Every structure is written in structure tokens, then in C-alpha cells.
Amino acid sequence: MTQTTIPKLWLASTSEYRKAILSKLTKNFSCQNPNIDETVHRHELASTLVSRLALAKAQAVAATLSEGLVIGSDQVALFQGAIIGKPHSFDKAIAQLQRFSGHKVQFLTGLAVINVADNSIQQHIEYFDVWFRTLTDSEIIRYVEKEQPLDCAGSFKVEGLGIALFDKLSGDDPNSLIGLPLLKLNHMLINAGYNALIAD
């Protein structure tokens, strides 16, 4: 009987959030920083942006390998038609949450999987909506002080205290809010010959 070789997994990211999500499927993967330019193109749609950057990240890492499956992902928030990125500062995080208070924000997460062996590509965009409670300034300030969500698109950590900011969540996979749509990724990995239930 011929034994099927299980492909090695590579995550084109050094994000602790994405590493933690992928670890739900398997602990057997490597991470590599894709080091790509993430500048938004003029008039670029949010869906185009996350799809382009997820693929670019995966391609940058795949170019250094001879085999394996490479996972790339990128996320943005969309509020009233505008792309919202990471706040990177305390004041900007507070300003973002003040704008979101009482409103819906849509999150788009681009996902790409490249099979280095045959250079085949799978891509997907995951959509997830969140409705913020009407928040007081003191609630917002205290939240940012507690969780310091400065490197998170939308200025919150849904896996932590950030869940207290919302009235409602709507989408297929809450993992996508943290940066990696795990349900869809699992299907894509199976398509590429990697089944987490039997791989490790």
C-alpha cells in the first residue's frame, strides 16, 4: 500500500492571533514573515484589497519553498464605506470605537492557500458583521486601557473582553474576526490534501 505524503503547512504571518487560531487545527506548522508592501491602492475596494494581500503574502512565502501548503490571510474593517485599519495608538483606538458606537461594522478577511508542489491557488473572502452597543466614553476608554487592542482592525479583541462591546454578531465563522476563517481554511486544506483529523 502506498503511503500518501502529508504536505507541510506554512503560515505566511507572524501574527500571534493567526498562529493561535491555526493551532486549533494543528500544532504542526511553521510561520514565516511575508514582508510585503500592504499599501492600499487608490480607489481599491475592500474586497479587492484583502484578496490581493492574502495572495501576495502566500506567494511571497511560497517563492522560498519547494513544497508544502502556504496560508495567507488579510483583514480590514469596513465602516460607512470606508476601510478601517489598525489604530496603532491609544487615541486612535478610542476614536474608532466612538465612531462605531451604536453602528454596524463589516469585517472582510481574505484567505489564500497555495500548494507549492503544483502552484495551485485557492482563494476566499469571508464576511462578518458586528453591531456595536451604544457605548459611553468611559466604557470605551476603560476597554482600551484593559485590552490595548492597538494592533487589531476595529480596535477590539472579540476573543476577550471585546465581546462586551457588541449587541449582535452575524457570520459563518467568528474565527474570521480574529484574522483567520478556520472553517473555510479547513475545507481548502482538505482540497489540497491536508486533513487535520488524520495529519498529526
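Using all pairs of distinct alpha-carbon atoms, the Kirkwood hydrodynamic radius of the chain works out to 17.5 angstrom.
The Rg/Rh ratio of the range 30-69, with Rg taken over Cα atoms and Rh as the Kirkwood radius over Cα pairs, comes to 1.05. Here the range 1-91 exposes an accessible surface that is 50 percent carbon and sulfur, computed with a 1.4 Å probe and the other protein chains kept in place. Listed by chain and number, the aspartates and glutamates placed with their C-alpha closer than 16 angstrom to that of Lys92 are Asp137, Glu139, Glu145, Glu147, Asp151; residues fewer than eight positions away on the same chain are left out. Rounded to two decimals, the Cα-based Rg/Rh of the range 99-191, with Kirkwood Rh, is 1.09. Computed with the Debye formula from one identical point scatterer per Cα of the range 36-133, without solvent, the log10 of I(q)/I(0) at q = 0.11, 0.14 Å⁻¹ comes to -0.40, -0.60. If the Kirkwood radius is taken over C-alpha pairs of the range 82-136, then at 37 °C and 0.692 mPa s the Stokes-Einstein diffusion coefficient equals 238 µm²/s.
Loop-resident GluC sites (Glu not before Pro) (DSSP state other than H, G, I, E or B) in the range 4-107 with no more than 14 further Cβ atoms inside 10 Å of their Cβ: Glu38, Glu44, Glu67.
Amide H contacts under 5 Å for Phe79: Ile84, restricted to partners 5 or more places along the chain or on a different chain, H placed in the peptide plane at 1.01 Å from N. Of the residues Ile36, Ala63, Thr5, the one whose Cα sits farthest toward the positive end of the charge dipole of the range 1-88, with +1 on the Cβ of Lys and Arg and -1 on the Cβ of Asp and Glu, is Thr5.
Based on DSSP H runs of at least 4 residues, each adding -39500 (n - 2.57), what is the mean residue ellipticity at 222 nm of the chain after dividing by all its residues, to the nearest 500 deg cm²/dmol? Result for the chain: -9000 deg cm²/dmol, rounded to the nearest 500. Among the protein heavy atoms of the range 143-200, carbon and sulfur supply 51% of the accessible surface, probe 1.4 Å, non-protein parts ignored.
Across the range 136-144, rounded Karplus estimates of 3J(HN,Hα) from the backbone phi angles (6.51 cos²θ - 1.76 cosθ + 1.60, θ = phi - 60°) give 7, 4, 5, 5, 5, 4, 5, 4, 4 Hz, Gly and Pro being marked x.
The trypsin sites (Lys or Arg not before Pro) of the range 11-76 meeting both criteria, a DSSP state outside H, G, I, E and B (loop) and at most 13 other C-beta atoms within 10 angstrom of the site's C-beta, are Lys24, Lys27, Arg42. Under 18 Å of direct C-alpha separation, and excluding same-chain neighbours fewer than eight residues apart, Lys8 reaches these lysines: Lys19, Lys24, Lys27, Lys57. Using Cβ point charges alone (K and R +1, D and E -1), the dipole size of the range 1-151 about the Cα centre works out to roughly 180 debye.
The values are calculated or read from the model by the stated rules, or taken from the named source; none is laboratory data. These figures come from a predicted structure and were not determined experimentally. Don't worry about glycine lacking a Cβ; one is built from the backbone with ideal geometry, like all the others, and counts go over all protein chains shown. Surface areas here come from the heavy atoms of the whole protein model, side chains and all, with no ligands, DNA or RNA. Shrake-Rupley method; radii C 1.70, N 1.55, O 1.52, S 1.80 Å.
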